[in-house]
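Q: Shown below is the structure under consideration.
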Amino acid sequence: MNEILAIAGGTWRRILRMRAVYFLILCVMVLIASAINYDVLSLDHHKDLMIDFSLVLNTLAVVLIVISVTFEIPVELREGVASTLLSKPLGRTHYLVGKALGTSITGLIISAIIIAGFFIIFNFAFGERISMAMLQSHVLVALSVIPMSAMAVFFSVIIPEMITPIVTAIAIWFAFSTSALANVKILYGGILPALDLYNFKSFAVYGEKINWDYIGLSILWGLAFSTFALSLASLIFRQKDIK
Amino acid sequence: MSEYVISTENLSKTYGFLFWKKEKPSLDKLTLKIPKGVVFGFLGPNGAGKTTTIKLFMDLIKPSSGTVSILGKPAGDIEVKRKIGFLPDAPAFSQYLKAYEFLMICAKLLRIPSSERKKRIEEVLAKVKMTEYAKSKLGGFSRGMLQRIGIAQAMLNKPEILILDEPLTGLDPHGRQELKDIIIAQKKAGTNVFFSSHILSDVETMCDQIGILHRGKLLCHGELNSLLSEKGCRVMIAAGKEDIAKELMPDSIKSHKLNNGGWELEFDEDEKFKEKLNLMKEKEGNFITIMPSTENLETFFFRTIENNIKTVNLNAEGI
Amino acid sequence: MKSTLIHIVLIIAAILIGGAIAGHMHEEQNKQMPYKSLENTTPIGGFHKFASDIDWMLVIQYMGGLKSVSKENVDEVIKRFEKIVSYDPNFESAYEIGAMSFSVENPEKAVEFLERACNNPQLKNNWKLPFYAGFILTHSGKDDPEKVKKAIGFYEMAIKRSPTPEMYVVNSYLRARAKAMGLNNDKLAMLKILFGEWKKNAGMREIETTSIIPDLNQKILKAAQEARREYPDDKELIEFSKKVMQEVFKDQHICTYCLSIYAPGDKFCSCCGQSVQVFGTCQKCGTVLKAGFCHKCGTKAPAVLVQAPSVQEGMEPPPVAKKVAKPVPAKKAAK
């Protein structure tokens, strides 16, 4: 476990030391706050717009954090950083798990910052406290980082460096639409990622409260899918020659 | 417990997969046994397969065939890796990390107890003279500084065996001397050292054993002294005896005039010529002095390589 | 080898567990968001709700640039609103404003649009949507009994959805039903409908009543009054209204001429001046009773107060009572 945490620590240090991350958070806050000005343009739907904006931007921020790992692993492999780390008593599986864990934790932290910022802005704009549905929708967006990180690590291992970020982004994009295959039991949620299970964006506006059991299940599913993706990636990675 | 720290048996590696597999192996049936307590120098020209061999030791790449064991266990064994210190060729580390942070990560990976981590890191940084750069980011380091950090992380766990890939490359003369001192100090402390290098003079001064690799094949390996044993002789001719020098010069491999007017000629090992020389010695007496000639490593290295090239060419021509 | 086997077992276990959890979560999600099945399945990364907001703002801009919705642009208008609700089936404003924008040029489409909204379980508390649908049907299909029948259904839905239905919604419903009856006299039709509703629930307690029309008795009374006022010579109407008064208001005191309610002790109707049956007075001294005993003479009040006489068939409405001047008391002889 120490080894996994050591690798994860390296990853979140990398992300949290990027100035671009803080600039991203600032831009997200500004965009969310700008929704206040859309009352005329949206015929007084600016409140719903702000909620939707916050969820979309939170999702995009999480996706960007996840995509950053698709740059990190291939670069480490190419430059030889990975060979230094893997020469230590560190299994290749642990290396991949550490990368996924580091990305997940960083994604959760950044998402939490965005959520807190949104709630402050919302309270300031409308004088209302946030509803449980809004909070839970945001929590689900944050939790979606778990399976997304596993997907990113998986693609980093099997696909050439040049196209990994693009393929990962496309895979995440389409993973929100796999509910069309919900009837195919093993495929949906087993092999194919089902990120739509985390999509309660409309519920934030119209709903009251999601069962907390559901949120617990979403964590479990995220872990199950991550186990699948990382195990498969590890099987392939173990046979790979490290530069 | 094996008596050999590193042992390979017909170890081969051919890069590529299926249709993309290369024709020639990068490493061809390497059989090598390195005993404990030696400093082993692994030599070879560029592309010989030295780095491939080292990566096979470290389980960074998988062999196509053959076996390799380190300290009696298969390569890649996690417990064995705890006892190895490894410095890769052209070390690269996470640029965003500070030197101290990177070493802390390595310490965690090596499962050094948390109470000892800080002390060990400070020790190794002091050894490589990088203490003042502990809080600086690795991204701003020069090649030489990175090499030092690389050596530091290799020594962090007080390894039983140090495997260094081209450790002297990129270092200034001062740095190279410091590293040589470290290697010698490690040897005295009982650490086995295996390293590859191009700088033959350094290998000659530090190593107990060497191996020469060329085009994936191990041409020779063993004790340095036995490999560089008497090969031919040197003949000193007194001044004023140019006729003797002229007579012997055609058979010599090297000749030069001495400051005192005399001549020094070097000859290859040749039984027939040896007889001729002995006869000349008996004839000329003190005007000729015959001494055994010890080949230097560089000569030995080039000769070995050239012989291998010739052999390969002859084989290719079917002779 | 052992490690590879462990990996394979983990993969298989993860697939099975993940598939099972995902299936269960999918069902739970559909329960929490039943409108999800109505959503557009276009893969846009799950950003449907946001896309609907953007499209909404775009359609506002577009509509702002139009002088009116006409034949040339109605299809485009419909397409834009359809797109919004395909991304967000719960977008109430889009349904309301959208339907009203193109209801003139394409009322059938507007009704279909609103009907879809009415079938959305998330919008089951929105009464405006069915009301608008009924309104459009009523106005676009005045002579089409099918449309009127459908409009009635929508109005009913609107009334049922609202805890306190608006007057105009109820009136629209009643008018539609009256129209559906096909009578020449719309007031008579209205009265018949109201009476029919009353009859369905007659004798039931308030909690048991199934009528969706609030304040039914008041509406009956008002309808009868309006009918009498507008059609004073319609015999059928007069007869029917009498029958209604008799049955509905048998326990109440109503002027038989103008159908206004009069108070205890009144001898004449304060609206039309007709003499009315007095009730609620002391039998001995004629004082208006306040409770069980007369407060002037102490006489006990009868158990059942005097009731208004039943209107007999063929009886002419009583003539308007002339005002009888009170006799002026003789001037007291000056002392």
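The values are calculated or read from the model by the stated rules, or taken from the named source; none is laboratory data. A quick note: this is a predicted structure, and the numbers were derived from the prediction, not measured. A quick note on method: Cβ atoms are made from the backbone with ideal geometry, for glycine too, and the neighbour counts reach across all protein chains shown. Ligands, DNA and RNA are stripped out before the accessible areas are found, and what is left, the full protein with its side chains, is counted by its heavy atoms. Shrake-Rupley method; radii C 1.70, N 1.55, O 1.52, S 1.80 Å.
Q: Since B:M130 meets every condition but one in (1) surrounded by fewer than 22 Cβ atoms within 10 Å (Cβ to Cβ); (2) closer than 28 Å to B:G44 by Cβ; (3) aliphatic (A, V, I, L, M); (4) touching a residue at least 12 places away in the same chain (Cβ under 8 Å), which condition does it not meet?
A: It fails just one condition, (2).
Q: So, one more: Do you know which residues across the range A:68-84 are more than 10 Å from A:V153 (Cβ to Cβ), more than 7 Å from chain B (Cβ to nearest Cβ) and touching a residue at least 60 places away in the same chain (Cβ under 8 Å)?
A: Going through the range A:68-84, the residues more than 10 Å from A:V153 (Cβ to Cβ) turn out to be A:68, A:71, A:74-84.
Keeping just the survivors that are more than 7 Å from chain B (Cβ to nearest Cβ) gives A:68, A:71, A:74-78, A:82.
Across the range A:68-84, the qualifying residues are A:F71, A:P74, A:V75, A:L77, A:R78, A:A82.
Q: Return only the number of the condition from (1) within 22 Å of the chain's Cα centre (by Cα); (2) within 14 Å of chain A (Cβ to nearest Cβ); (3) open to solvent by less than 60 Å² (accessible area, probe 1.4 Å) that B:V38 does not satisfy.
A: (2)
Q: So if I check each of A:D52, A:D44, A:D48, which one is open to solvent by 10 Å² or more (accessible area, probe 1.4 Å), among the acidic types (D, E) and touching a residue at least 60 places away in the same chain (Cβ under 8 Å)? Lay out the reasoning, then the answer.
A: Values: A:D52 fails: open to solvent by 10 Å² or more (accessible area, probe 1.4 Å); A:D44 fails: touching a residue at least 60 places away in the same chain (Cβ under 8 Å).
The match here is A:D48.
Q: Do we find a residue being open to solvent by less than 20 Å² (accessible area, probe 1.4 Å), part of a loop (DSSP other than H, G, I, E, B) and farther than 19 Å from A:L85 by Cβ anywhere in the range B:150-157?
A: There is no residue in the range B:150-157 that is open to solvent by less than 20 Å² (accessible area, probe 1.4 Å), part of a loop (DSSP other than H, G, I, E, B) and farther than 19 Å from A:L85 by Cβ.
Q: Taking the range B:41-75, which residues are among the charged types (D, E, K, R) and surrounded by fewer than 20 Cβ atoms within 10 Å (Cβ to Cβ)?
A: Listed by number, the residues that qualify are B:K62, B:K73.
Q: Moving on to the next point. Looking at B:I78, is it at the interface with another protein chain (Cβ under 10 Å from one of its Cβ atoms), open to solvent by 40 Å² or more (accessible area, probe 1.4 Å) and among the β-branched types (V, I, T)? It would help to see each step written out before you state the result.
A: On the way: at the interface with another protein chain (Cβ under 10 Å from one of its Cβ atoms): yes; open to solvent by 40 Å² or more (accessible area, probe 1.4 Å): yes; among the β-branched types (V, I, T): yes.
Judged against the criteria, B:I78 is a match.
Q: A follow-up question, please. From the list A:Y206, A:Y214, A:Y198, which residue is closer than 24 Å to C:P89 by Cβ, surrounded by fewer than 23 Cβ atoms within 10 Å (Cβ to Cβ) and at pLDDT 90 or above?
A: On the way: A:Y206 fails: at pLDDT 90 or above; A:Y198 fails: surrounded by fewer than 23 Cβ atoms within 10 Å (Cβ to Cβ).
A:Y214 is the lone residue from the list that is closer than 24 Å to C:P89 by Cβ, surrounded by fewer than 23 Cβ atoms within 10 Å (Cβ to Cβ) and at pLDDT 90 or above.
Q: Those residues that are open to solvent by 40 Å² or more (accessible area, probe 1.4 Å) and either under 15 Å from B:G85 (Cα atoms) or assigned to a helix (DSSP H, G or I) (or both), I need them from the range B:95-119; list them, please. Break it down stepwise before answering.
A: To start, the set of residues in the range B:95-119 that are open to solvent by 40 Å² or more (accessible area, probe 1.4 Å) comprises B:95-96, B:98, B:100, B:104, B:108, B:111, B:113-116, B:118-119.
Listed by number, the residues that qualify are B:Y100, B:M104, B:K108, B:R111, B:S114, B:S115, B:E116, B:K118, B:K119.
Q: I've got another one for you. Just to check your reading of the model, which residue among A:A112, A:A116, A:A142, A:A100 is more than 17 Å from A:L26 (Cα to Cα) and surrounded by fewer than 24 Cβ atoms within 10 Å (Cβ to Cβ)?
A: On the way: A:A112 fails: more than 17 Å from A:L26 (Cα to Cα); A:A116 fails: more than 17 Å from A:L26 (Cα to Cα); A:A100 fails: surrounded by fewer than 24 Cβ atoms within 10 Å (Cβ to Cβ).
Just a single option satisfies the conditions, and that option is A:A142.
Q: Could you say which residue among C:F81, C:F113 is within 25 Å of C:K142 (Cβ to Cβ) and part of a helix (DSSP H, G or I)? Steps first, please.
A: Details: C:F81 fails: within 25 Å of C:K142 (Cβ to Cβ).
Matching residue, one of C:F81, C:F113: C:F113.
Q: For the range A:66-84, how many residues are open to solvent by 10 Å² or more (accessible area, probe 1.4 Å), out of contact with any Lys or Arg (no Cβ under 9 Å at 6 or more places or on another chain) and aliphatic (A, V, I, L, M)?
A: 2
Q: Restricting to the range B:192-229, give me the number of residues that are farther than 30 Å from B:S64 by Cα and open to solvent by 50 Å² or more (accessible area, probe 1.4 Å).
A: Total meeting the criteria: 5.
Q: Could I ask something else about it? How about the range C:257-281: which of its residues are among the aromatic types (F, W, Y), assigned to a loop (DSSP other than H, G, I, E, B) and open to solvent by 80 Å² or more (accessible area, probe 1.4 Å)? I'd like the intermediate steps shown before the answer.
A: Of the residues in the range C:257-281, the ones among the aromatic types (F, W, Y) are C:257, C:262, C:268, C:279.
Narrowing further to those that are assigned to a loop (DSSP other than H, G, I, E, B): C:257, C:262, C:279.
The one that is among the aromatic types (F, W, Y), assigned to a loop (DSSP other than H, G, I, E, B) and open to solvent by 80 Å² or more (accessible area, probe 1.4 Å): C:Y257.
Okay, residues lined up against (1) more than 30 Å from A:F203 (Cα to Cα); (2) without any contact (Cβ under 8 Å) to a residue 40 or more places away in the chain; (3) aromatic (F, W, Y):
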{"position": "C:V104", "(1), (2), (3)": "yes, yes, no"}
{"position": "C:E112", "(1), (2), (3)": "no, yes, no"}
{"position": "C:K124", "(1), (2), (3)": "no, yes, no"}
{"position": "C:G134", "(1), (2), (3)": "no, no, no"}
{"position": "C:K142", "(1), (2), (3)": "yes, yes, no"}
{"position": "C:E166", "(1), (2), (3)": "no, yes, no"}
{"position": "C:L183", "(1), (2), (3)": "yes, yes, no"}
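Q: Please work out which one of (1) within 22 Å of A:N199 (Cβ to Cβ); (2) open to solvent by 10 Å² or more (accessible area, probe 1.4 Å); (3) within 14 Å of chain B (Cβ to nearest Cβ) is the condition A:T106 fails and give its number.
A: (2)
Q: Tell me, which residue of the range C:4-41 that is facing chain A (nearest Cβ under 8 Å) and polar (S, T, N, Q) is farthest from the chain's Cα centre (by Cα)?
A: It comes out as C:T4.
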